[in-house]
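*Asks:* Supplied in structure tokens, the structure appears directly below.
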Amino acid sequence: MTSILSKDALEVFIRDIFKGAGLNEEDANIISKHLVLANSRGVESHGVSRVDIYTKRLDIGITKGSSELQVIKETPGSLLIDGDGKIGVVTATKAMRRAVEKAKKNGLAVVAIKNSTHSGMLADYSMYAAKNDCISLNMTNATASMAPWGGKTGYFGTNPMSYGLPAGKENDIIFDMATSVVARGKIALAKKNNQNIPIGWAISKEGKPTSDPHEAYEGLVLPVGGPKGYGLALLVDSLSGLFSGAAYGPHVASLYRDLDKNQNVGNFFLVMRADLFEDLDAYKQRTDQMINEIKNLPLAEGYDRIYLPGEIEHNHMVKAQKEGIHLSDAVLNDLIHAAKKYDIDHTSYHMIVN
């Protein structure tokens, strides 16, 4: 069963839960908007289903609460940040803001974060850069759950990467993908909702294909495109982990299992002002032209339209703002449980719209 919840009311509810967990108003607002945005874009695996584990880590003190960014090294075009074991979404959001500021001033910026935690949906950071007329390439490493091509032991995480391209009259192009066939969070969500997963997403710990999310969660996800996905995963870990000084590969601690240690996740953001080489209006006009040319190409059999990267998620977002966000009973019950921990009355938020 599912319920439909008001997007705006859900944001306030999640914000108050994180305030109850010890975050200040600004940081609680950042993570609330991020998680609800993920749900509104149809990326439920990186949305409010993460409230339970995020608050649990705050409660036991392994994830630290609110504070300002801790800068380790800085040049006009670069920034290295110590995440200090705080909420990764908040750290990454503030880091992207600094990256855009630097890119606006200096043309481009390279920002890395080490010693951080799970940073959520990368598309959020790409969207922010694009709205500020910047091109960006963003990535993060993750807990080992995928074997290198030809291996049978987990070494790399799902290691997602995202890019954002600002457009003119058309919607910005926002690409976001795991280097595995599927983000591991989707398997965790299927496990929570007691739903099967498609064959081809993952293998069991015995190395057999499985549709059981419990077996898959104990096993390994598969790289997208075989050796190509493996190569991309290695690049993400090299820039997010090795380059930043964060943990890499199997040395990244688990968000869910390692409740006695910081994850030491790494992030890498490359942000460039969109008018670095071309006039901004000319660049945006050419991007719009490319978008329209792609969307008007002849269609293959069985297809009724061509989508740009991020367009389906954008359509989800527009619909969610108007009609609300669907949450499973399992996820909603987790939110209510989290609220009760902090003496928050969930019935006062008038979230349910059906």
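The values are calculated or read from the model by the stated rules, or taken from the named source; none is laboratory data. Since this is a predicted model, take the numbers as computed values, not measurements. Here the Cβ is made from the backbone with ideal geometry for all residues, glycine too, and neighbour counts use every protein chain on show. Surface areas here come from the heavy atoms of the whole protein model, side chains and all, with no ligands, DNA or RNA. Shrake-Rupley method; radii C 1.70, N 1.55, O 1.52, S 1.80 Å.
*Asks:* Quick one: how many residues across the stretch 117-132 are open to solvent by 10 Å² or more (accessible area, probe 1.4 Å) and in contact with a His (Cβ under 8 Å, 6 or more places away or on another chain)?
*Replies:* 1
*Asks:* Something else: May I ask you to list pairs of residues, at least six apart or on different chains, whose Cβ atoms are under 8 Å apart, with the first in the stretch 219-248 being in a loop (DSSP other than H, G, I, E, B) and the second being open to solvent by less than 20 Å² (accessible area, probe 1.4 Å) and of a type in the set (D, E, K, R)?
*Replies:* Note: pairs meeting the criteria are Tyr248/Asp237.
*Asks:* Only residues that are open to solvent by less than 10 Å² (accessible area, probe 1.4 Å), within 18 Å of Ala95 (Cβ to Cβ) and small (Gly, Ala, Ser): list them for the stretch 223-245, please.
*Replies:* Ser240, Gly241, Ser244 - these are the residues of the stretch 223-245 that are open to solvent by less than 10 Å² (accessible area, probe 1.4 Å), within 18 Å of Ala95 (Cβ to Cβ) and small (Gly, Ala, Ser).
*Asks:* Within the stretch 1-15, can you find the residues that are crowded, with 19+ Cβ neighbours inside 10 Å and under 16 Å from Leu332 (Cβ atoms)?
*Replies:* Across the stretch 1-15, the qualifying residues are Leu5, Ser6, Lys7, Leu10, Glu11, Phe13, Ile14.
*Asks:* Within the stretch 286-306, which residues are touching a residue at least 12 places away in the same chain (Cβ under 8 Å) and touching a Lys or Arg at 6+ places or on another chain (Cβ under 9 Å)?
*Replies:* Of the stretch 286-306, the ones touching a residue at least 12 places away in the same chain (Cβ under 8 Å) are 287-288, 291-292, 294-295, 306.
The answer is Asp288, Lys295, Ile306.
*Asks:* So which pairs qualify, if the first residue must be in the stretch 191-215 and more than 21 Å from Tyr256 (Cβ to Cβ) and open to solvent by 100 Å² or more (accessible area, probe 1.4 Å), the second must be modelled with pLDDT under 90 and assigned to a loop (DSSP other than H, G, I, E, B), the Cβ gap must be under 6 Å, and the two must be at least 6 apart or on different chains?
*Replies:* Sorted first by the residue in the stretch 191-215, then by its partner, the list stays empty.
*Asks:* Report the residue count in the stretch 146-159 for those that are part of a strand (DSSP E or B) and at pLDDT below 95.
*Replies:* Final tally of qualifying residues: 1.
*Asks:* Right, something else. Looking at the stretch 160-181, is at least one residue within 24 Å of Asp260 (Cα to Cα) and either within 14 Å of the chain's Cα centre (by Cα) or part of a helix (DSSP H, G or I) (or both)?
*Replies:* No, there is no match, as no residue in the stretch 160-181 is within 24 Å of Asp260 (Cα to Cα) and either within 14 Å of the chain's Cα centre (by Cα) or part of a helix (DSSP H, G or I) (or both).
*Asks:* Among Leu280, Leu297, which is of a type in the set (A, V, I, L, M) and open to solvent by less than 70 Å² (accessible area, probe 1.4 Å)?
*Replies:* Leu280
*Asks:* I want to confirm something. Restricting to the stretch 152-161 and keeping residues that are surrounded by fewer than 24 Cβ atoms within 10 Å (Cβ to Cβ) and touching a helix residue (DSSP H, G or I) at 6+ places or on another chain (Cβ under 9 Å), which single residue is farthest from Thr287 (Cα to Cα)?
*Replies:* For the stretch 152-161, the residue satisfying everything is Thr153.
*Asks:* Ok, one more. Would you check if there is a residue in the stretch 240-252 being at pLDDT 95 or above and over 30 Å from Gly154 (Cα atoms)? Working first, answer last.
*Replies:* Start the filter on the stretch 240-252 by keeping residues that are at pLDDT 95 or above, which leaves 240-252.
Filter again for over 30 Å from Gly154 (Cα atoms), leaving none.
No, the stretch 240-252 contains no residue that is at pLDDT 95 or above and over 30 Å from Gly154 (Cα atoms).
*Asks:* Before we move on, is Asn315 open to solvent by 40 Å² or more (accessible area, probe 1.4 Å), free of Cβ contacts under 8 Å to residues at least 12 places away in the same chain and under 23 Å from Ala178 (Cα atoms)?
*Replies:* yes
*Asks:* Identify, by number, the condition in (1) within 18 Å of the chain's Cα centre (by Cα); (2) open to solvent by 40 Å² or more (accessible area, probe 1.4 Å) that Ala253 doesn't meet.
*Replies:* (2)
*Asks:* Return a yes/no flag: does the stretch 133-145 have any residue that is in a helix (DSSP H, G or I), open to solvent by 30 Å² or more (accessible area, probe 1.4 Å) and either over 29 Å from Glu278 (Cβ atoms) or among the basic types (Lys, Arg) (or both).
*Replies:* The answer is no, given that none of the residues of the stretch 133-145 is in a helix (DSSP H, G or I), open to solvent by 30 Å² or more (accessible area, probe 1.4 Å) and either over 29 Å from Glu278 (Cβ atoms) or among the basic types (Lys, Arg) (or both).
*Asks:* Additional query: Collect the residues in the stretch 283-294 that are open to solvent by 80 Å² or more (accessible area, probe 1.4 Å) and under 17 Å from Gly164 (Cβ atoms), keeping them in residue-number order.
*Replies:* Arg286, Met290, listed by residue number.
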